[in-house]
Amino acid sequence: MNIIELKDIHKYFGHEKNRVHVLKGINLSVEKGDFVAIIGQSGSGKSTLMNIIGCLDVPTTGSYKINGVEAGKMEKDQLADLRCKTFGFIFQRYNLLSSLNACENAALPAIYLGLGAEERNRRSVELLKNLDLGNKLGNKPNELSGGQQQRVSIARALMNGGEIILADEPTGALDSKSGEMVMEIIKSLHKQGHTIILVTHDSHIAAQASRIIEIKDGEIISDTRKASDFYELKDEVKNIKRSRFDTFKYSFAESLNMSLHAILSNKMRSLLTMLGIIIGIASVVSVVALGNASQAKIMAQINAMGTNTIDIMPGTGFGDMRSGKVKTLKVSDSNYLGQQSFIDNSTPNISTSGTLVYENYSLTAQLSGVGSTYFDVKGRKIAQGRIFTQDEVNNIASVVVIDHNTLKEIFSDAPNPVGKIIIFNKKPLKIVGVTEEDNNPGPMSDSMNIWIPYTTAMYKINGSTDINSITVKISDRVNSQVAEESIEHILTSLHGKKDFFMINSDSIKQTVESATNTMKLLIASIAVISLIVGGIGVMNIMLVSVTERTKEIGIRMAIGAKQADILLQFLIEAILICLVGGFMGVSLSMFIGFCFNTFSENFGMIFSTASIVLALVCSTAIGIIFGYMPAKNASNLNPIDALASE
């Protein structure tokens with residue numbers, strides 16, 4: 001029964017004037033279990049014929065059937081499947097992968113067959129032991145002699161069964177003794193039922209075959225049968241059947257393993273490839289962390305002014321020269337606002353400066369007359385003592401709360417001043433509390449500030465019922481912009497005109513947040529450019545890698561790797577480089593943040609999980625985007641051209 005049938009095969013190379021007619025109307029059939037030698041001088045076309053038979057190349061015209069199926073109509077992956085399951089190649093130059101040991105090289109075709117790791121390793125060891133290489137399983141090709149490398153190549157050819165063994169000048173690179181050993185192995189394979197097609201220019205080698213076909217100038221000039229010894233194949237490897245999902249899972253796992261092996265085999269090149277990604281990711285994460293820290297610092301300062309508060313001031317706005325003379329705001333306005341459902345608290349404010357005296361100390365201080373809710377509205381916390389009560393406000397009590405600056409300045413020898421009497425503008429005031437230190441920069445951060453009930457300020461200090469401003473705290477459930485509009489409407493109705501302006505802390509907060517977010521986005525966008533540059537670097541290195549490993553790709557395709565296998569391996573390799581680079585970039589950023597936060601007392605980088613996850617997603621995306629083109633180029637290589645690459 002014919003296993004191979006070629007009819008009127010023609011093969012041309014080149015185009016137009018440079019076109020060369022290599023094979024001219026080849027007609028050939030090979031029976032199962034035969035041992036055929038194709039002999040001819042260099043340039044006669046014998047290797048081209050071998051490549052067409054092995055589905056590494058395709059004829060320009062003519063019909064080629066394998067087991068009765070027309071190979072010329074098959075897709076690339078179908079041809080790869082044939083090479084994987086039907087053919088076993090023994091090359092003149094062995095074509096072993098230098099990064100793999102003998103056992104791994106022999107087992108390589110079984111990966112593309114779908115054989116599990118344990119099973120393929122067992123079979124690989126068994127084949128190598130049968131070829132007297134049991135003590136060389138862990139040796140790499142450069143640690144083996146030429147004869148030993150060729151025997152590893154033979155084991156690889158038999159790995160998936162090797163129904164048809166294609167031997168291209170198998171002894172051409174060997175000494176005579178090693179050559180004889182290899183020929184003895186090939187003859188024994190014939191007796192085991194393998195169909196052998198051997199290409200040689202040595203008539204002595206060809207004479208050992210059952211059938212000798214001589215080719216000259218692309219034409220068969222003789223076809224001589226010396227013996228009719230056909231054998232049935234004894235060692236058949238069962239076809240692996242998996243579901244589509246299991247096939248993908250297996251393929252992905254093996255591609256991942258091969259990619260890791262390739263990266264670890266070229267550590268320095270891989271690290272240099274990652275460098276751009278590492279710098280880019282570290283830049284993006286660090287910039288966002290600095291932006292978060294800046295925003296948090298500014299927000300803390302704004303919150304210290306009072307959260308969700310609105311200050312109502314007399315006049316038309318900042319810069320109004322008349323605002324100090326406008327006295328339209330009243331305590332009744334504050335009380336009326338405090339009764340509104342959308343306002344939690346309202347307090348009138350009276351400000352004045354004067355001389356503060358305690359024992360032999362005399363200095364200038366800023367006094368504020370406020371309501372009992374002022375400290376809650378402004379978010380000020382008490383370090384010692386208490387705040388004054390509403391009863392004390394109603395009763396015009398001469399009580400005072402001092403700030404940390406006042407405590408430090410005049411009570412350095414008496415750290416607990418609660419209960420002591422101070423004099424302000426010749427009026428005695430009893431200290432009932434001390435506020436915590438204010439670390440936020442601002443006009444009141446360095447001055448000495450004291451707070452008394454606004455009634456006390458009006459009737460005992462100023463002698464006037466005028467107030468300077470009103471501070472209200474908006475309910476959390478109410479939108480501050482809506483509340484501002486409502487307050488404007490109420491006060492305009494009460495006064496008959498709009499003779500005030502408002503400072504909304506929430507509006508300031510939103511403006512600052514918007515500004516800092518815009519700045520973060522701008523700086524992060526600049527940092528992303530380094531990521532793109534890193535991605536281009538990955539693409540360039542991967543393109544170089546494909547060029548350097550063209551021979552490896554050809555070998556993998558010759559033993560059964562499909563386009564998807566090659567594409568997946570190189571794509572995973574690019575993604576792994578970018579992903580590992582991403583993790584290293586995040587780690588570098590964390591280290592920078594640790595150092596920064598260690599040496600910076602008042603300002604620290606704040607890392608967000610979202611920015612880290614986004615950075616890693618970006619690095620993976622870069623691996624996919626910039627790794628796809630090199631991977632696609634690798635998968636589209638012609639097997640015979642790739643094998644010819646050095």
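Out of curiosity, is Ala206 within 25 Å of Gln148 (Cβ to Cβ) and open to solvent by less than 20 Å² (accessible area, probe 1.4 Å)?
Working: within 25 Å of Gln148 (Cβ to Cβ): yes; open to solvent by less than 20 Å² (accessible area, probe 1.4 Å): yes.
Yes: the conditions hold for Ala206.
Only one of Lys32, Lys73, Lys46 is basic (Lys, Arg) and either within 23 Å of Gln192 (Cβ to Cβ) or touching a helix residue (DSSP H, G or I) at 6+ places or on another chain (Cβ under 6 Å) (or both); which? Quick ask: steps written out before the conclusion?
Values: Lys73 fails: either within 23 Å of Gln192 (Cβ to Cβ) or touching a helix residue (DSSP H, G or I) at 6+ places or on another chain (Cβ under 6 Å) (or both); Lys46 fails: either within 23 Å of Gln192 (Cβ to Cβ) or touching a helix residue (DSSP H, G or I) at 6+ places or on another chain (Cβ under 6 Å) (or both).
Matching residue, one of Lys32, Lys73, Lys46: Lys32.
Of these, Glu163, Glu75, Glu70, which one is within 23 Å of Pro639 (Cβ to Cβ), of a type in the set (Asp, Glu), surrounded by fewer than 20 Cβ atoms within 10 Å (Cβ to Cβ) and touching a strand residue (DSSP E or B) at 6+ places or on another chain (Cβ under 7 Å)? Step through it out loud before you land on a result.
Values: Glu163 fails: surrounded by fewer than 20 Cβ atoms within 10 Å (Cβ to Cβ); Glu75 fails: touching a strand residue (DSSP E or B) at 6+ places or on another chain (Cβ under 7 Å).
When all the criteria are applied, what remains is Glu70.
When only residues in region 20-34 that are charged (D, E, K, R) and part of a strand (DSSP E or B) count, which is farthest from Ile165 (Cα to Cα)?
Result: Lys24.
Out of the residues in region 574-588 that are among the small types (Gly, Ala, Ser) and farther than 8 Å from Ile278 by Cα, state the one that is surrounded by the fewest Cβ atoms within 10 Å (Cβ to Cβ). Full working, then the answer.
Step one: of region 574-588, the residues among the small types (Gly, Ala, Ser) are 574, 581-582, 585, 587.
If we keep only those that are farther than 8 Å from Ile278 by Cα as well, we get 574, 587.
Details: Ala574: 27, Ser587: 14.
My answer is Ser587.
Could you please find all residues in region 537-561 being hydrophobic (A, V, I, L, M, F, W, C), touching a residue at least 24 places away in the same chain (Cβ under 8 Å) and within 29 Å of Ser283 (Cα to Cα)?
Of region 537-561, the ones hydrophobic (A, V, I, L, M, F, W, C) are 538-539, 541-544, 546, 553, 555, 557-559, 561.
Among the residues that remain, those that are also touching a residue at least 24 places away in the same chain (Cβ under 8 Å) are: 538-539, 541-543, 546, 553, 555, 557-559, 561.
Answer for region 537-561, where residues must be hydrophobic (A, V, I, L, M, F, W, C), touching a residue at least 24 places away in the same chain (Cβ under 8 Å) and within 29 Å of Ser283 (Cα to Cα): Val538, Met539, Ile541, Met542, Leu543.
Could you check region 239-272 and list, in sequence order, the residues that are modelled with pLDDT under 75 and either outside any helix (DSSP H, G or I) or surrounded by 16 or more Cβ atoms within 10 Å (Cβ to Cβ) (or both)?
Correct list: Asn239, Ile240, Lys241, Arg242, Ser243.
Going by the structure shown, is Ile220 open to solvent by less than 10 Å² (accessible area, probe 1.4 Å) and within 28 Å of Asp8 (Cα to Cα)? Outline the logic, then answer.
On the way: open to solvent by less than 10 Å² (accessible area, probe 1.4 Å): no; within 28 Å of Asp8 (Cα to Cα): yes.
No, not satisfied.
If Asn27 meets every condition in (1) within 22 Å of Gly193 (Cα to Cα); (2) out of contact with any His (no Cβ under 6 Å at 6 or more places or on another chain); (3) touching a residue at least 60 places away in the same chain (Cβ under 8 Å) apart from one, which number is that one?
(1)
Any residue that is touching a residue at least 40 places away in the same chain (Cβ under 8 Å) and charged (D, E, K, R) - is there at least one of those in region 142-152?
no
Ala564 - would you say it is under 30 Å from Arg93 (Cβ atoms), in contact with a Gly (Cβ under 6 Å, 6 or more places away or on another chain), assigned to a helix (DSSP H, G or I) and touching a residue at least 24 places away in the same chain (Cβ under 8 Å)? Give the derivation first.
Working: under 30 Å from Arg93 (Cβ atoms): yes; in contact with a Gly (Cβ under 6 Å, 6 or more places away or on another chain): no; assigned to a helix (DSSP H, G or I): yes; touching a residue at least 24 places away in the same chain (Cβ under 8 Å): yes.
Here the answer is no, as Ala564 does not meet what is asked.
Out of the residues in region 605-646 that are surrounded by fewer than 19 Cβ atoms within 10 Å (Cβ to Cβ) and of a type in the set (Gly, Ala, Ser), state the one that is farthest from Ser286 (Cα to Cα).
Ala644
Across region 592-646, what is the number of residues that are of a type in the set (Ser, Thr, Tyr), without any contact (Cβ under 8 Å) to a residue 24 or more places away in the chain and in a loop (DSSP other than H, G, I, E, B)? If you could, list the steps in order and put the result at the bottom.
Restricting attention to region 592-646, the residues satisfying the condition of being of a type in the set (Ser, Thr, Tyr) are 598, 600, 608-609, 611, 619-620, 628, 635, 645.
Retained after the next criterion (residues that are without any contact (Cβ under 8 Å) to a residue 24 or more places away in the chain): 598, 600, 609.
In the following step, the residues that additionally are in a loop (DSSP other than H, G, I, E, B) were identified as 600.
Total satisfying the criteria: 1.
Name, by its number, the condition in (1) surrounded by fewer than 22 Cβ atoms within 10 Å (Cβ to Cβ); (2) under 49 Å from the mean Cα position of the chain (by Cα); (3) within 24 Å of Cys55 (Cα to Cα); (4) among the charged types (D, E, K, R) that does not hold for Arg156.
(1)
Please find, within region 35-66, the residue that is farthest from Ser210 (Cα to Cα) out of those that are assigned to a strand (DSSP E or B) and of a type in the set (A, V, I, L, M, F, W, C). Don't jump to the end; show me each part of the working.
Taking region 35-66 and keeping what is assigned to a strand (DSSP E or B), we get 35-39, 61-66.
Narrowing further to those that are of a type in the set (A, V, I, L, M, F, W, C): 35-39, 66.
Details: Phe35: 5, Val36: 6, Ala37: 8, Ile38: 11, Ile39: 13, Ile66: 21 Å.
Looking at residues that are assigned to a strand (DSSP E or B) and of a type in the set (A, V, I, L, M, F, W, C), I get Ile66.
Is it the case, given these coordinates, that Val482 is among the β-branched types (Val, Ile, Thr) and surrounded by fewer than 19 Cβ atoms within 10 Å (Cβ to Cβ)? Lay out the reasoning, then the answer.
Working: among the β-branched types (Val, Ile, Thr): yes; surrounded by fewer than 19 Cβ atoms within 10 Å (Cβ to Cβ): yes.
Spelling it out, Val482 is indeed among the β-branched types (Val, Ile, Thr) and surrounded by fewer than 19 Cβ atoms within 10 Å (Cβ to Cβ).
Residue by residue, here is whether (1) on the phi > 0 side of the Ramachandran plot; (2) open to solvent by 20 Å² or more (accessible area, probe 1.4 Å) holds:
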residue: Leu329; (1), (2): no, no
residue: Ser341; (1), (2): no, yes
residue: Val357; (1), (2): no, yes
residue: Ser362; (1), (2): no, yes
residue: Leu367; (1), (2): no, no
residue: Gly385; (1), (2): yes, yes
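Have a look at Lys129, Lys136 and point out the one that is under 24 Å from Met183 (Cβ atoms), open to solvent by 30 Å² or more (accessible area, probe 1.4 Å) and assigned to a loop (DSSP other than H, G, I, E, B).
Numbers: Lys129 fails: assigned to a loop (DSSP other than H, G, I, E, B).
Of the residues listed, the single one that is under 24 Å from Met183 (Cβ atoms), open to solvent by 30 Å² or more (accessible area, probe 1.4 Å) and assigned to a loop (DSSP other than H, G, I, E, B) is Lys136.
Taking Val400, is it over 56 Å from the mean Cα position of the chain (by Cα), outside any strand (DSSP E or B) and either at pLDDT 90 or above or loosely packed, with under 15 Cβ neighbours inside 10 Å (or both)?
Values: over 56 Å from the mean Cα position of the chain (by Cα): yes; outside any strand (DSSP E or B): no; either at pLDDT 90 or above or loosely packed, with under 15 Cβ neighbours inside 10 Å (or both): yes.
When the stated conditions are applied, Val400 does not pass them.
Go through Thr471, Thr435, Thr465 for me and flag whichever is polar (S, T, N, Q) and in contact with a Lys or Arg (Cβ under 6 Å, 6 or more places away or on another chain). Outline the logic, then answer.
Working: Thr471 fails: in contact with a Lys or Arg (Cβ under 6 Å, 6 or more places away or on another chain); Thr465 fails: in contact with a Lys or Arg (Cβ under 6 Å, 6 or more places away or on another chain).
Residue meeting the stated conditions: Thr435.
Which ones in region 37-66 are surrounded by fewer than 22 Cβ atoms within 10 Å (Cβ to Cβ) and within 22 Å of Ala227 (Cβ to Cβ)?
Correct list: Met50 only.
Let's see how each residue does on (1) of a type in the set (Ser, Thr, Tyr); (2) under 25 Å from Arg549 (Cβ atoms):
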site: Arg83; (1), (2): no, yes
site: Phe87; (1), (2): no, yes
site: Ser98; (1), (2): yes, yes
site: Arg120; (1), (2): no, yes
site: Lys129; (1), (2): no, no
site: Asp132; (1), (2): no, no
site: Glu163; (1), (2): no, no
site: Glu169; (1), (2): no, yes
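For the structure I just gave you, tell me whether Glu552 is of a type outside the set (Gly, Ala, Ser), at pLDDT below 80 and out of contact with any Asp or Glu (no Cβ under 9 Å at 6 or more places or on another chain). Break it down into steps so the answer makes sense when it comes.
On the way: of a type outside the set (Gly, Ala, Ser): yes; at pLDDT below 80: no; out of contact with any Asp or Glu (no Cβ under 9 Å at 6 or more places or on another chain): yes.
Here the answer is no, as Glu552 does not meet what is asked.
How do the strands (runs of 3 or more DSSP E) wholly within region 314-389 filter down when requiring 3 or more residues that are more than 16 Å from Thr406 (Cβ to Cβ) and at pLDDT below 90: which remain? Explain how you work it out, then say what you get.
On the way: elements: 343-358, 361-370, 382-385.
Fully inside region 314-389 and qualifying: 343-358.
The values are calculated or read from the model by the stated rules, or taken from the named source; none is laboratory data. In this text the structure is predicted, and so the values were computed from the model without any measurement. Reconstructed Cβ throughout: ideal geometry from the backbone, glycine too, with neighbour counts over all protein chains shown. Ligands, DNA and RNA are excluded from the accessible area calculation, which covers all protein heavy atoms including side chains. Shrake-Rupley method; radii C 1.70, N 1.55, O 1.52, S 1.80 Å.
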